[in-house]
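Since the structure comes first, as structure tokens, the remarks are kept for the end.
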Amino acid sequence: MHFLVVVIFASLVSVDAAAPRTFLWQEVGSSSCVRCCGASEEPTESPKKSRVKEYAVYSMPRVQPRIEMTILKGDKGEMGGKGPPGVSGKEGQRGTQGPFGTKGQKGHMGPAGHSCKIQYAAFSVSRRKSLHSTEYYQTVIFDSAFVNLYDHFNMFSGTFVCYIPGIYFFNLNVHTWNLKETYLHIMKNTEEMAILYAQPSDRSIMQSQSLMLQLNEKDEVWVRMFKRERENALYNDETDIYLIFNGYLIKAMDD
């Protein structure tokens with residue numbers, strides 16, 4: 001514990017009219033030096049002098065205390081504890097956008113994701129033998145396959161079965177027979193979707209037909225011959241291939 005020591009310096013100030021006054025008296029005319037002696041030593045005769053008493057006025061000095069403030073400062077105390085947080089102020093306005101920072105470093109490689117299931121469907125089949133229509137409607141059967149992905153094309157029935165709903169592209173190529181009519185339908189289930197036709201001619205030619213279809217699951221696409229008054233036929237031989245039917249998935253339908 002520290003004790004506060006107060007030192008008071010007294011200073012004298014000048015005497016003014018309001019200062020208290022002290023009255024002293026003195027004899028006027030007496031010698032300034034007086035001998036002190038006993039009664040037996042007193043002179044028989046002493047000169048008679050007139051003594052006059054008067055009062056002399058002397059002003060008493062006034063004492064004005066003054067405190068020196070610079071010596072009242074104590075030693076530096078220890079830091080106090082942290083006070084409680086104050087009340088939050090109002091939210092200020094949004095500032096302007098700052099400048100772009102520098103490009104950061106390349107991050108670490110993330111974990112491997114899950115593999116997505118990619119769906120495919122495609123076929124390309126052909127017929128090596130010529131075909132003459134014997135019925136009013138006759139399904140074209142193909143005997144060779146260039147591509148038959150997942151066996152979606154049924155070689156026994158001559159139909160493509162849709163297992164992946166979506167948009168498909170189909171193409172049919174044939175070779176006509178001299179002096180005979182060529183009349184074919186590209187079918188979706190039981191509905192005629194496109195016709196491939198060539199009139200009878202003394203020259204055989206290649207004919208082609210293409211289309212896109214939107215298929216649902218279990219839809220079937222196939223080719224049939226349509227017989228009218230004239231004979232309907234498709235030309236082919238054992239060495240060359242003229243009759244080809246193609247199809248593939250363009251885009252699967254979203255779930």
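The values are calculated or read from the model by the stated rules, or taken from the named source; none is laboratory data. The structure presented is a predicted model; accordingly, all values stated were derived computationally and were not measured. Note that each Cβ is placed from the backbone with ideal geometry, even for glycine, and that neighbours are counted across all protein chains shown. With ligands, DNA and RNA removed, areas are computed over all heavy atoms of the protein, side chains included. Shrake-Rupley method; radii C 1.70, N 1.55, O 1.52, S 1.80 Å.
Is it true that some residue in segment 174-182 is within 57 Å of the chain's Cα centre (by Cα) and surrounded by 15 or more Cβ atoms within 10 Å (Cβ to Cβ)? There is no residue in segment 174-182 that is within 57 Å of the chain's Cα centre (by Cα) and surrounded by 15 or more Cβ atoms within 10 Å (Cβ to Cβ).
For Gln119, indicate whether it is within 23 Å of the chain's Cα centre (by Cα) and either open to solvent by 100 Å² or more (accessible area, probe 1.4 Å) or modelled with pLDDT of 85 or more (or both). Break it down into steps so the answer makes sense when it comes.
Details: within 23 Å of the chain's Cα centre (by Cα): no; either open to solvent by 100 Å² or more (accessible area, probe 1.4 Å) or modelled with pLDDT of 85 or more (or both): yes.
Judged against the criteria, Gln119 is not a match.
Provide a single number: the residues in segment 194-214 that are among the aliphatic types (A, V, I, L, M) and open to solvent by 70 Å² or more (accessible area, probe 1.4 Å). Total satisfying the criteria: 4. Looking across segment 217-226, just one residue is open to solvent by 90 Å² or more (accessible area, probe 1.4 Å) and not basic (Lys, Arg), and that is Glu217.
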